[in-house]
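The values are calculated or read from the model by the stated rules, or taken from the named source; none is laboratory data. What you see is a predicted model; the values in this text were computed from it and never measured. With ideal geometry, Cβ positions are generated from the backbone for all residues, glycine too; neighbour counts draw on all protein chains shown.
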Amino acid sequence: MPVTHSPVYFDESFDVVTGYDMLKDVPTHLQNYPLGNKYKIFVSEDIAGLYGEPLFEGMKELRLNVTLEPIKDGEEVKRDTVAAKLRRLLHREEFDRRSCLIIVGGGTLSDLVGYVAGTYKRGIPYINIPTTFIGQTDAGIGGKTGVDDEFGKNMIGVFYNPRRIYLDPKLLVSLPNQEVVNGMGEVIKYGVGFRPDIFEFLEQSHEKVFARNPETYEFIVHESAKTKVSVVKEDPRETRDIRTSLNLGHTTGHGIEKATNYGLQHGLAVGLGLVVATELSAMRGIMSRDNASRIVALLKLYGLPTKISQIGYVVTKSDIMGPMVHDKKTVGGVVNYVLPNGIGSLQKNGMGGYSNPVGWHEIEKALDVIF
Ligand SMILES: NC(=O)c1ccc[n+]([C@@H]2O[C@H](COP(=O)([O-])OP(=O)(O)OC[C@H]3O[C@@H](n4cnc5c(N)ncnc54)[C@H](O)[C@@H]3O)[C@@H](O)[C@H]2O)c1
Ligand SMILES: [Zn+2]
């Protein structure tokens, strides 16, 4: 059996397992290394036939106790009311801490169901099998789970790690083009903030990405996931201002998502946020104009919007700046940005962290770059 623990390895209680064919190998792996005496697969209903049912059948064949629950995904289901409904379902079916949930879907599903797993009976085990670029490179890893509410995005939630994550880049071949574009917003973040080699790889690879080339997907998923794990490992609960670095592009990004009532895809908002963070760095003289242009060019290469006029929503500067007051990175009314200071590196503040206070007037000026 091709059981490989990749170099992406977190700690004893938290595996990131790669080198798998999800549909062929996961049931056997679960039989050999069980995480519960009964399982429920929560799968996005759009891909239930493609991935949920084969996994369910494979597990049943091995006589694992499993049920299949196709549910709606999308930003609009990331709500406490939906989470409460799912908890009631688990209660009716007598799920407890010896049971295990399996999440097959994108970042919205893992945020929602991970939060359900973390809050039901003070936490029951769960497994992530992410099926989008955002899921495999970011959302499915690191234990941030939660839902949105009227105060803003991801405002209610818990840190609660999955017990295991199966990463299978082959699952990404069925993504529609627009979801590939969406995923690239978050992947480019790793190139800009952490990994010049990922940045350069992406500069060369856009045709292969849209042709769904397997080696290209392997590289992107594994290298991004490794980057995420190494940051999370250093600062699991974001108490040392290190994990904050992963929020590069997100201060403006969350503002834009809120301004579009969460209609704009997350990766597209992050892409626009990267343009603004880059502009702030260029304005402060910590990033050359040449590098700033390279970043914007890479976003364009992957079809990401770099101007508000391209997103199909009417959004003003104050629509974006309003929600920033409530951003989790905003402390005492001071907005903090993660700022790139080159390709693949970030500006540290005087205390070794990555939050850089930015004035409102500075933000307003930098926002010109996307208007
Ligand atoms: N918790 C974290 O650390 C973290 C990190 C980054 C992003 N996020 C969150 O993740 C969410 C975005 O995730 P997303 O982009 O995966 O969105 P998503 O979950 O809405 O999935 C996007 C779409 O792709 C479809 N889909 C999923 N897998 C597919 C496949 N293999 N083939 C075909 N279609 C497929 C889904 O049905 C959905 O329509 C946002 O809510 C964001 O806030 C969380
Ligand atoms: Zn994100």
(Q) Name the single residue that is farthest from ligand 2 (Cβ to nearest atom) among those in region 162-191 being of a type outside the set (Asp, Glu) and in contact with an Asp or Glu (Cβ under 6 Å, 6 or more places away or on another chain). (A) Arg164
Q | Residue count, region 1-46 (criterion: closer than 14 Å to Tyr166 by Cα, among the acidic types (Asp, Glu) and either modelled with pLDDT under 65 or not in a loop (DSSP other than H, G, I, E, B) (or both)) | A | 2
(Q) If a residue counts only when it is away from ligand 2 (no atom under 16 Å from the Cβ) and either small (Gly, Ala, Ser) or under 25 Å from His91 (Cα atoms) (or both), which strands (runs of 3 or more DSSP E) contained entirely in region 118-161 have at least 3 such residues? (A) 126-130
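Every residue, every condition in (1) touching a His at 6+ places or on another chain (Cβ under 9 Å); (2) part of a helix (DSSP H, G or I); (3) in the same structural domain as Lys153 (by TED's automatic domain parsing), yes or no:
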{"site": "Gly267", "(1), (2), (3)": "no, yes, no"}
{"site": "Gly273", "(1), (2), (3)": "yes, yes, no"}
{"site": "Ser281", "(1), (2), (3)": "no, yes, no"}
{"site": "Asn291", "(1), (2), (3)": "no, yes, no"}
{"site": "Lys300", "(1), (2), (3)": "no, yes, no"}
{"site": "Leu304", "(1), (2), (3)": "no, no, no"}
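Would you mind stating whether Met351 is surrounded by 22 or more Cβ atoms within 10 Å (Cβ to Cβ), in a loop (DSSP other than H, G, I, E, B) and of a type in the set (A, V, I, L, M, F, W, C)? Full working, then the answer.
On the way: surrounded by 22 or more Cβ atoms within 10 Å (Cβ to Cβ): no; in a loop (DSSP other than H, G, I, E, B): yes; of a type in the set (A, V, I, L, M, F, W, C): yes.
In short, no.
Yes/no matrix, rows are residues, columns are (1) over 19 Å from the mean Cα position of the chain (by Cα); (2) within 16 Å of ligand 2 (Cβ to nearest atom); (3) crowded, with 23+ Cβ neighbours inside 10 Å:
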{"site": "Phe194", "(1), (2), (3)": "no, yes, yes"}
{"site": "Ala211", "(1), (2), (3)": "yes, no, no"}
{"site": "Ile220", "(1), (2), (3)": "no, yes, yes"}
{"site": "Ile242", "(1), (2), (3)": "no, no, no"}
{"site": "Glu257", "(1), (2), (3)": "no, yes, yes"}
{"site": "Ser281", "(1), (2), (3)": "yes, no, yes"}
{"site": "Arg284", "(1), (2), (3)": "yes, no, no"}
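Among the aromatic types (Phe, Trp, Tyr) and in contact with a strand residue (DSSP E or B) (Cβ under 8 Å, 6 or more places away or on another chain): which single residue out of Tyr217, Tyr302, Tyr262 fits that description?
Working: Tyr217 fails: in contact with a strand residue (DSSP E or B) (Cβ under 8 Å, 6 or more places away or on another chain); Tyr302 fails: in contact with a strand residue (DSSP E or B) (Cβ under 8 Å, 6 or more places away or on another chain).
Only one candidate passes the filter, namely Tyr262.
Quick check, is Ala277 assigned to a helix (DSSP H, G or I), crowded, with 21+ Cβ neighbours inside 10 Å and in contact with a Pro (Cβ under 7 Å, 6 or more places away or on another chain)? Write out each step before concluding.
Details: assigned to a helix (DSSP H, G or I): yes; crowded, with 21+ Cβ neighbours inside 10 Å: yes; in contact with a Pro (Cβ under 7 Å, 6 or more places away or on another chain): yes.
Yes, satisfied.
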Q: Filter region 47-81 for residues that are part of a helix (DSSP H, G or I) and surrounded by fewer than 18 Cβ atoms within 10 Å (Cβ to Cβ) and give the result.
A: Gly49, Leu50, Glu53, Pro54, Glu57, Lys60, Glu61, Glu76, Asp80, Thr81
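What is the residue count in region 38-91 for residues that are charged (D, E, K, R) and farther than 22 Å from Thr145 by Cα? Explain how you work it out, then say what you get.
Residues of region 38-91 that are charged (D, E, K, R), as a first pass: 38, 40, 45-46, 53, 57, 60-61, 63, 69, 72-73, 75-76, 78-80, 85, 87-88.
When the remaining residues are screened for being farther than 22 Å from Thr145 by Cα, the result is 38, 53, 57, 60-61, 63.
Total satisfying the criteria: 6.
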Q. Restricted to region 164-179, and to residues that are crowded, with 17+ Cβ neighbours inside 10 Å and among the charged types (D, E, K, R), which residue is nearest to ligand 1 (Cβ to nearest atom)?
A. Glu179
